[in-house]
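See below for the structure under consideration.
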């Protein structure tokens, strides 16, 4: 693995582009779930926390927020493909409308595992919104109804997404480029 400090981050998606896309996603999601008495937004920690905060503020719906924490990466750059639930949601979701919010759909293993887990709890509707989709890496047949941005097979950070717990605080999405 490359040494932690031997990389630079090249901007890939600007903060302005993210803000505009979050606003349009919220409009589409609000329209889809209109009439719901309360939408339960389930964020996958930790990478999605910034996206969730911005998204729920733009939703024109009554919203409840809950979180589920999974692990399949650790501090590395490659998924282990073994998904562990570190923190489950607190609320009951049977008969309720659920929006799962993910930072990035990569291999699809984590999202597939989470969707199956939540579907087993009998929600009324369950849909997925992902900030980023990296289709080139998909190993599992799963898609998000709403996607912020399609990206190439690059390792990215920023806007909540990290590399070894660093760079979550960037206001944009950047591509990690290692320096020898």
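At a Förster distance of 35 Å, what's the computed FRET efficiency of residue 145 paired with residue 165, Cβ-Cβ distance as r, to 0.05?
Numbers: r = 30 Å, r/R0 = 0.85.
FRET efficiency, residue 145 to residue 165: 0.70.
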(request) Run through every distinct alpha carbon pair of the stretch 85-133 and return the Kirkwood hydrodynamic radius in angstroms, one decimal place. (result) 11.4 Å
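What is the chain's relative contact order, in percent, from Cα pairs under 8 angstrom and six or more apart in sequence? Please report the intermediate quantities before stating the final value.
On the way: 365 pairs, mean separation 47.6, N = 180.
26 percent.
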(message) If I fit a long axis through the Cα atoms of helix 49-58 and take the longest principal axis of the Cα atoms of the chain, what angle between them do I get, 0 to 90°, rounded to 10?
(response) 40 degrees
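What is the fewest-to-most order of 29, 85 by other Cβ atoms lying within 10 Å of their Cβ? Write down the numbers at each step before the final one.
On the way: 29 24, 85 13.
Taking fewest neighbouring Cβ atoms as first place, the list is 85, 29.
Pull up the DSSP beta bridges for the stretch 15-151 and report the antiparallel fraction as a percent, rounded to 5.
Details: 3 of 27 bridges.
DSSP beta bridges in the stretch 15-151 are roughly 10 percent antiparallel.
Can you compute the helix-only [θ] at 222 nm over the chain? Use -39500 (n - 2.57) per DSSP H run of at least 4 residues, normalise by all residues, nearest 500 deg cm²/dmol.
After summing the helix terms and dividing by the residues of the chain, the value is -7000 deg cm²/dmol.
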(request) Multiply the residue gap between residue 85 and residue 6 by 0.36 nm, knock off their C-alpha separation, and tell me the result in nm, one decimal place. (result) 25.3 nm
(request) Working from Cα positions, state the angle (0 to 90°, nearest 10) between the long axis of helix 15-32 and the longest principal axis of the chain. (result) 20 degrees
(message) Angle check, please: helix 109-119 long axis (alpha carbons) against the longest principal axis of the chain (alpha carbons), in degrees 0 to 90, nearest 10.
(response) 10 degrees
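What is the fewest-to-most order of 138, 96 by other Cβ atoms lying within 10 Å of their Cβ? Kindly include the intermediate steps, with their values, before the conclusion.
Working: 138 15, 96 19.
If I rank by nearby Cβ atoms, fewest first, I get 138, 96.
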(message) How much of the DSSP bridge set in the stretch 113-180 is antiparallel, in percent, rounded to the nearest 5?
(response) 50 percent
(request) Post the alpha-carbon centroid distance, the stretch 6-75 to the stretch 143-180, in whole angstrom. (result) 14 Å
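Given the C-alpha atoms of the stretch 15-151, compute the convex hull and give its volume per residue in Å³.
Working: hull volume 14.1 nm³, N = 137.
Spread over its residues, the Cα hull of the stretch 15-151 gives 103 Å³ apiece.
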(message) Based only on other Cβ atoms within 10 Å, what is the fewest-to-most ordering of 54, 31?
(response) 31, 54
(request) Estimate the FRET efficiency between residue 19 and residue 65 by the formula 1/(1 + (r/R0)^6), using the beta-carbon distance for r and 30 Å for R0, to the nearest 0.05. (result) 0.95
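At a Förster distance of 30 Å, what's the computed FRET efficiency of residue 138 paired with residue 37, Cβ-Cβ distance as r, to 0.05? Could the numbers behind the result be given before it?
Details: r = 34 Å, r/R0 = 1.15.
Between residue 138 and residue 37 the formula returns 0.30.
None of the figures in this text is laboratory data; all of them are computed from the coordinates on show. Only a predicted model underlies this, so the values are computations on that prediction, with no experimental measurement involved. Heads up, the Cβs are rebuilt from the backbone with ideal geometry, glycines too, and the neighbour counts pull from every protein chain shown.
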